[in-house]
Amino acid sequence: MLNYLIKRLLYGILVIWGVTTIIFFLFNILPGDAARMLMGQRADISSVEAIKKDLGLDKPVLVQYLNFLNDLSPVSVHNASDKNSFWYFNREKYHPAFRIFSVGNTVVVFKKPYLRRSYQSKREVSSIIAEAFPKTLLLATASILLAMITGIVLGVVAAIKKDTPLDKFLLVFSSFGMSIPSFFAAIIIAWLFAYVLADYTGLQMFGSLYSVDDYTGEVYVNLKNLILPAVTLGIRPLAIVVSLTRSSLLDVLSQDYIRTAKAKGLSNFSVIIGHGLRNALNPVITAITGWFASLMAGAVFVEYVFDWKGIGVVIVDALEKYDLPVIMGSVLFISVVLVLVNIMVDFIYTLLDPRVRLG
Amino acid sequence: MLQIEDLQIVFKSEDTVIKAVDHISLNLGKGGSLGLVGESGSGKSVTALSVMNLLPAAAKITSGKIFFQGRELLKSGNKVMRSLRGGNISMIFQEPMTSLNPVMRCGEQVAESIRLHQKTDHKRAAKQVMALFEKVRLPRPESIYRAYPHQISGGQKQRVMIAMAIANNPDLLIADEPTTALDVTVQKEIIQLLKDLKEEYGMSLLFISHDLAVVSEVAEQVVVMHKGCIVESGDIHRVYRHPHHPYTQGLLSCRPPLTGRLKKLPVINEFMNSELKNDGYQTPETEKERKEKLKVIYANPPLLTVQDIKKEFPLKKSLFGKTKKSIKALDGISLKVFPGETLGVVGESGSGKTTLGMAILRLVEPDEGRIFFDEKELLQLSPAKMKQERQQLGIVFQDPYSSLNPRMSIGRAIMEPMKVYHLYRNNRERTQKTIELLEKTGLKAEHFNRYPHEFSGGQRQRIVIARALAPQPRFIICDEAVSALDVSVQALVLNLLNQLKQEFGFTYIFISHDLSIVRFMSDRIVVMKDGKIVETGDADEIYFNPKTEYTKQLIESIPKRIE
C-alpha cells in the first residue's frame, strides 16, 4: 500500500514536471511580448528593457526554463547575498520559505512554490488561485454530491422497476440530461428559476459565493447562489450516474451470489442494497470521479452564465489578456489537483472492492 | 418432509413455451436422502429452485403442489418463505466461485444468515460462525472468517457455502451440483463432509447431480430426470444394478470404465434409440493390440521435447519492481511427446498443468528451459516464426462458455484462424472448409451463421474443437476440454476427439484433473503436483500400479460404483 502510494506520487511528480515543461515552452514559442503586455503600447523602450531584465526575459530560454522550475520546486537553490542576481533569495517573492543549508553564497531553501505575479493586476498568482479555487471546489463538490446521491437512488429505483413506465421515464430523462449542452441548460435554468419563478424561489440570476449587503455594505457568504449553478452542472453527471447505476445493478442482480443472498432468506431490500449495490458501484465511481476531476478544472460556461467567480472564469480572463503567469499557474495547479484526485480514486476502489490490489 | 406433487414449470419467452418440468412427483422423508440425476436442461435445478421459491422471472409454475412439513409452499406468502429460506430449508449451489459475494468477508456472509434467523447479536453470531467453520473442516477458521472469497480456494469456498447452509440447523438441505466445479480429490472430501453433517444434524438431503456415480455415494433413493420428466426412480442400489430405463442405462455406461480399455464410449442416444450395436464397446482393446500400437508410436523420434522448463509468477513486488514473493507454477518440467501419441497430464488445480500447456504454445513465456517442436527450438524463434509454428499447434480450452466470442458467428470464429494463416485461396473456399469442419465435428452446415449463445455446452465444445482444427494443426493440447460438461456429453466429446485423431493422425496432450478420463484417452500419463512431475509412465501401468501416494490419492478420489 505504502509502496504503491510512493510510486504513484513519484509518477505524479513526473507528470507535473511534464506539464510544466510543455506549458513553459508552449508559451515561450508563441508570439507575444510579455513586457509590452505589462507596460502597454505606449511604454518607452528603456522601461520595457528594464522590465525584461527584471523578468529575466533577456536570458536564454533554457536559463529561463531552469529558473521557472526553480521557482516552482518546493526545494530550490538561490543566491543569498547578491541582490542583483537573478537567483537572489528574495523574501518578498518566496514566502513562507525556510533555509535548509547554505554553502558560501548559495542557499538551498524549502518554500511554497512561487507562481509569480499577474502581469495585469500585479497580484501574486497563488493568491488569485487561492481566492478562485475554493469556489470551484465548492461548486464541483455540490454538483457531484447532488448527481451522485440523486443519481444512485434513481438508478436503483429504475433497476428495481425495470420495464415499467417509471423506468422508461427515467431512461428518457437520462438521455435528455446527457445530451443537453450545459450553457443552454444554464440559461434556461437561470431564466426559469431566477426570473419567471423568482418570486417563489427567491433566487438571483447570478451572483458568487460572497454577496455584498445593499444597505450595510457588509460582505456575507451567500450559499443560495450555489443552488442554480450546482444543479445545472449536476444534470449531465446525474444522467450518466442514473443509467450506469441501473445497468450495472441489473447486471449484478443476475449474479449467482444474489441468489445465495436470497436463499439466506434476506428481504429484497437487503439483497439489493446490501449485496447488490456495493458490487454495482465500481463503474459508477469511475464515472463520478472522472466528472469531479473535470469539474475541478472549472466549468467555464456555467461559471460565466451565473457569474460564479471560480477558476474557469479566471483562466478565460487571463487568456483574453495574455496574462501568462496566471494561465501557467492555473494550468499547473489544476494538473496537480487532477493527479491527486486520481490517486485518491485508486484508494476508493480498494475500499469498495477488496479484489482490487494496488501494486 | 418434502413432497412434490404433479409439478409443472414452464419457461415462457416471446414466442416459445418450454416445459422445463413436466408433471413430476417426488417424496423425501425425514432424515432421508434423495438423489436427483439428469443432464443440464433436464429440469433438476429448476425443481430445486421451485422449492426455495427462487425461480427466475421467466419461469412459471403452471400446476402442482409442494408440501414442506405439511405446509403448502406454493401458496405461502413471501414472508413465510423468507423465514423458511436459510432457516428450515437451505441450499448449496453449483458454482462456489461465483456464489459468494465478492466484496463481503466470508465469515460475515455466514454471520448475516445467523443474525437474521436466530436474532442474535454480532458477537454471538461470530462465535457460532467460528464453530461452524471448524465443523466444515476449514483450516484456520479465524483467518478465513476475515478473508474475502477471492483469497481462498474453490474447495474452501464450497465449505463456506456449506457452513452457511447448515448455520441454522435446517430440516432440509438442497445441494445443487455441489462438487461439479471442483477437483476430484476435493469432491471426495466435500461428499464425505455432507454425509457426516447429514448424520449429525439429522437433516433430509436433496442431492442434485449430473453424475450418477457421485449421487450413488450419498443418496439412498434416486430419481432420474430427462427432459423435464422422471424416467426412473427407486432405491439407489436397484437403479444402479438393474436400470430399467434406457436413459439410465446410458447414463451409467457413458463414464469411462474402470477396467479394460474401450475404443469408443457408449453414448446415451444409442441406448435411447436402441441402436446399441456391438461395435467395439463390449470388446475392449486387447493387451496385444495396444502393445503393437504403442510399438509403432515409440519407434519414431519425439515430435515435442520439453526440457527442464520453469515458470514463476510473482505474488508480491517491491518498490522497484523486484519480485519479493512468487509461486513456482512450473518447476523443472521435462517430457517428450511422440507423433500419434496421446499424453495425459493429470493433477489438481494449482499443480501447474494448465501453465504447462500455455508454456508449450508460448502463451506464457517460460523463464528457463528449452522446448523443441519438430526439431525447432520454440523459445528461440522470433515472433513471426513463432506465429508460423503456431499453425501446427492447436489448443482447446476448458470453458466452452467463455472461450467463444459472443458477438462472432461460429462460422466466422472457425474461419478466422484460416485467414490468419492465409490458408486457401479465398473466402469461398474457406467457407467450404468451415462447413466440412462443422460436419466433421458433428454440427450442421446451417449452424454457420448462428451465434454461440444458441448452442449447448457440448455443442460449444465441438465448435471450439472445430476452431482448433481450422489451421490444420498436427498437435493439439486439450486443457480440461470436458471438465465443464455433463458425463453424457463428456462421452460424446471424448469419442469425437478420438475419432478425429484416427482420421487426421493428431498428437494430443490431454490435460485433466480426472484420472479415469485421462487414462481412457492416453497412452502415457504424467502426474503433476506443485509444478513438478511426480510420476510418469504407461497409462495402464500408472493406473493399476501407482508408485506415489499422490497418484494413489487421485485414483482413490474417482467416484466408485456400488459393488
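The values are calculated or read from the model by the stated rules, or taken from the named source; none is laboratory data. Values in this document were obtained by computation on a predicted structure and should not be read as measured data. Cβ coordinates were reconstructed from backbone atoms using ideal geometry, including for glycine residues, and neighbour counts include every protein chain displayed.
For segment A:298-305, check the following and say yes or no: at least one residue is in contact with a Ser or Thr (Cβ under 6 Å, 6 or more places away or on another chain), within 13 Å of another protein chain (Cβ to nearest Cβ), β-branched (Val, Ile, Thr) and surrounded by 22 or more Cβ atoms within 10 Å (Cβ to Cβ). Scanning segment A:298-305 turns up no residue that is in contact with a Ser or Thr (Cβ under 6 Å, 6 or more places away or on another chain), within 13 Å of another protein chain (Cβ to nearest Cβ), β-branched (Val, Ile, Thr) and surrounded by 22 or more Cβ atoms within 10 Å (Cβ to Cβ).
For segment B:24-59, the set of residues classified as modelled with pLDDT under 90 and in a strand (DSSP E or B) consists of B:ALA59 only. When B:MET91 is tested against (1) more than 14 Å from chain A (Cβ to nearest Cβ); (2) crowded, with 21+ Cβ neighbours inside 10 Å; (3) in a strand (DSSP E or B), exactly one condition is not met: (1). State whether the residues of segment B:44-52 include one that is over 30 Å from A:ILE348 (Cβ atoms), surrounded by fewer than 16 Cβ atoms within 10 Å (Cβ to Cβ) and in the same structural domain as B:ASP176 (by TED's automatic domain parsing). No: zero hits.
Taking the criterion of being closer than 17 Å to A:LEU266 by Cα and part of a loop (DSSP other than H, G, I, E, B), the residues of segment B:106-152 that qualify are B:LYS119, B:THR120, B:ASP121. The single condition among (1) within 13 Å of chain A (Cβ to nearest Cβ); (2) part of a loop (DSSP other than H, G, I, E, B); (3) under 26 Å from the mean Cα position of the chain (by Cα) that B:PRO170 does not meet is (3). Would it be correct to say that B:SER99 is assigned to a loop (DSSP other than H, G, I, E, B) and either within 30 Å of B:GLU39 (Cβ to Cβ) or of a type outside the set (A, V, I, L, M, F, W, C) (or both)? The answer is yes for B:SER99. Does A:VAL61 count as aliphatic (A, V, I, L, M) and touching a Phe, Trp or Tyr at 6+ places or on another chain (Cβ under 9 Å)? Answer is yes for this residue. Quick check, is A:ALA230 within 14 Å of chain B (Cβ to nearest Cβ) and surrounded by 22 or more Cβ atoms within 10 Å (Cβ to Cβ)? Criteria not met by A:ALA230.
Right, B:SER522: over 21 Å from B:GLY394 (Cβ atoms) and either modelled with pLDDT of 90 or more or surrounded by fewer than 24 Cβ atoms within 10 Å (Cβ to Cβ) (or both) or not? Here the answer is no, as B:SER522 does not meet what is asked. The strands (runs of 3 or more DSSP E) located wholly in segment A:43-139 that include 1 or more residues which are in contact with a strand residue (DSSP E or B) (Cβ under 7 Å, 6 or more places away or on another chain) and surrounded by fewer than 12 Cβ atoms within 10 Å (Cβ to Cβ) occupy A:75-79, A:97-103.
Can you name every residue in segment B:439-468 that is out of contact with any Asp or Glu (no Cβ under 9 Å at 6 or more places or on another chain), more than 15 Å from B:SER403 (Cβ to Cβ) and either in a helix (DSSP H, G or I) or not assigned by TED's automatic domain parsing to the domain that holds B:GLU416 (or both)? Result: B:GLU439, B:GLU446, B:GLU454.
Table: residues versus (1) under 30 Å from B:SER99 (Cα atoms); (2) of a type in the set (Val, Ile, Thr); (3) surrounded by 21 or more Cβ atoms within 10 Å (Cβ to Cβ); (4) within 14 Å of chain B (Cβ to nearest Cβ).
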| residue | (1), (2), (3), (4) |
| --- | --- |
| A:THR201 | no, yes, no, no |
| A:PHE206 | no, no, no, no |
| A:ASP213 | no, no, no, no |
| A:LEU223 | no, no, no, no |
| A:ALA239 | no, no, yes, no |
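Counting only residues that are facing chain A (nearest Cβ under 7 Å) and assigned to a loop (DSSP other than H, G, I, E, B), which one in segment B:78-88 is surrounded by the fewest Cβ atoms within 10 Å (Cβ to Cβ)? Ranking the qualifying residues of segment B:78-88, first place goes to B:GLY87. For segment B:214-234, the condition of being among the basic types (Lys, Arg) and without any contact (Cβ under 8 Å) to a residue 24 or more places away in the chain holds for none of the residues. Would you point out the residue of segment B:10-24, among those that are in contact (Cβ under 8 Å) with a residue 60 or more places away in the chain and out of contact with any Ser or Thr (no Cβ under 6 Å at 6 or more places or on another chain), that is nearest to B:MET203 (Cα to Cα)? Among those residues, the one meeting the criterion is B:ILE24.
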